[in-house]
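S.K.: To start, I am sharing the structure in question, which I have written as structure tokens.
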Amino acid sequence: MISEILQTLPQVLVDGLTLGSVYAVVAIGYTMVYGILEFINFAHGEIFMTGAFVGTAVLLMISSAGMLGGMANWLAYILILAVAMLFTGVMGVGIERVAYRPLRKAPKLISLISAIGVSFLLQDIVRFIADLRTGNFMVTGISLYSDNFKIGTSSLWSRFDDAYLKTNTIIVVAVAVVLMIGLDFFVNRTKWGTAMRAVAQDRDTASLMSINVNKVIALTFFIGSALGGGTGVLFAQQYGTIDPYIGFILGMKAFTAAVLGGIGNIRGAMFGGLFIGILEMFSSANLAVITGGNLGGEYKDVIAFLILIMVLIFKPEGLFGKAVKEKV
């Protein structure tokens, strides 16, 4: 059994880091909003899904206009990323203004119900538009980088199989890392980042220190939603086929990653996403081997939610979070 697991380990790590990078960036959106407003934006998974559709739609329009052949692939990639991030960022600000801001002083359960309503609304709007334009809500886009090359891991140790890596996999991981590092720098090293941390710590005191709380919250939604939309583009390029429901399960796993790392902790969300991605790919590849054929890879989704339950039971503040005692 051990030899079979080791055999596929290099490919599992490659695929796990790719998927984990997607989870990590989406998890950041959850943790940013929670850090400031202390509620879970369950529509964030659908913002990710919308970004995937917007990027794919722009790419298909460029292709149908005959412009893709005369444009460098890297330029087209940057264009669809920029359009999707701008669109979802503005959409996130609009959602906050319409669906969340009027409920800011209401019980948290009301805001949660509003977020779930926005989630279903986005699913149906995207499905309606996709059905209207293509006749099918499942859309297969154009892959800008589809070449595949081999990593000779078997030469390192004979028990390893060779791993295969797509150029697009490198792009997904590289862009995700750049986005995460850029956000970490922004939050910890800039004036607006300081304002965001101040609002997260104490909203009322921050407003007394001449910080415009509404602008900071709107900026938080813009950045978190833009990151989610950009990650949707990376997902669509990596996996090809998208549908209006990809955001639900992926969003739940990204939320699990945020809870694992410590909800409200950006670096914890990054770690949680990478951990969940690697563990999921490991489970998918080796669950049948580990259980002697009794369970297959279709049960891999259970792993993430088992982790969520265990974290909530034994360490509800997460691995990098701090336990906060309620004031009596």
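The values are calculated or read from the model by the stated rules, or taken from the named source; none is laboratory data. A quick note: this is a predicted structure, and the numbers were derived from the prediction, not measured. Please note: Cβ atoms are built from the backbone with ideal geometry, for glycine as well, and neighbour counts cover all protein chains shown.
S.K.: With out of contact with any strand residue (DSSP E or B) (no Cβ under 7 Å at 6 or more places or on another chain), more than 24 Å from Gln238 (Cα to Cα) and free of Cβ contacts under 8 Å to residues at least 60 places away in the same chain as the only criterion, which of Gly66, Gly117, Gly135 stands out?
M.R.: Of Gly66, Gly117, Gly135, the one residue that is out of contact with any strand residue (DSSP E or B) (no Cβ under 7 Å at 6 or more places or on another chain), more than 24 Å from Gln238 (Cα to Cα) and free of Cβ contacts under 8 Å to residues at least 60 places away in the same chain is Gly117.
S.K.: Find all pairs meeting these conditions: Cβ atoms under 9 angstrom apart; at least six residues apart or on different chains; first residue within the stretch 309-328 and modelled with pLDDT of 80 or more; second residue part of a helix (DSSP H, G or I) and of a type in the set (S, T, N, Q).
M.R.: That search, which allows pairs on different chains as well, returns Val311/Thr256.
S.K.: Answer with yes or no whether Ala200 is in a helix (DSSP H, G or I), more than 18 Å from Leu17 (Cβ to Cβ), at pLDDT below 90 and in contact with a Gly (Cβ under 9 Å, 6 or more places away or on another chain).
M.R.: Considered against the rule, which asks whether it is in a helix (DSSP H, G or I), more than 18 Å from Leu17 (Cβ to Cβ), at pLDDT below 90 and in contact with a Gly (Cβ under 9 Å, 6 or more places away or on another chain), Ala200 comes out as yes.
S.K.: Just one of Tyr30, Tyr34, Tyr23 is more than 13 Å from the chain's Cα centre (by Cα), surrounded by 17 or more Cβ atoms within 10 Å (Cβ to Cβ) and aromatic (Phe, Trp, Tyr); which is it? Even if it seems obvious, please write down each step before you answer.
M.R.: Working: Tyr30 fails: more than 13 Å from the chain's Cα centre (by Cα); Tyr23 fails: more than 13 Å from the chain's Cα centre (by Cα).
Result of the check over Tyr30, Tyr34, Tyr23: Tyr34.
S.K.: Output yes when any residue across the stretch 170-184 is more than 26 Å from Val33 (Cβ to Cβ), aliphatic (A, V, I, L, M) and touching a strand residue (DSSP E or B) at 6+ places or on another chain (Cβ under 6 Å), and no when none is.
M.R.: no
S.K.: Restricting the first residue to the stretch 220-236 and requiring it to be more than 28 Å from Ser146 (Cα to Cα), which pairs with a second residue that is among the aromatic types (Phe, Trp, Tyr) and surrounded by 24 or more Cβ atoms within 10 Å (Cβ to Cβ) meet a Cβ separation below 7 Å and a spacing of at least six or different chains?
M.R.: The qualifying pairs do not exist here.
S.K.: Here are some residues: Phe42, Phe53. Which one is in contact with a strand residue (DSSP E or B) (Cβ under 7 Å, 6 or more places away or on another chain) and surrounded by 20 or more Cβ atoms within 10 Å (Cβ to Cβ)?
M.R.: Phe53
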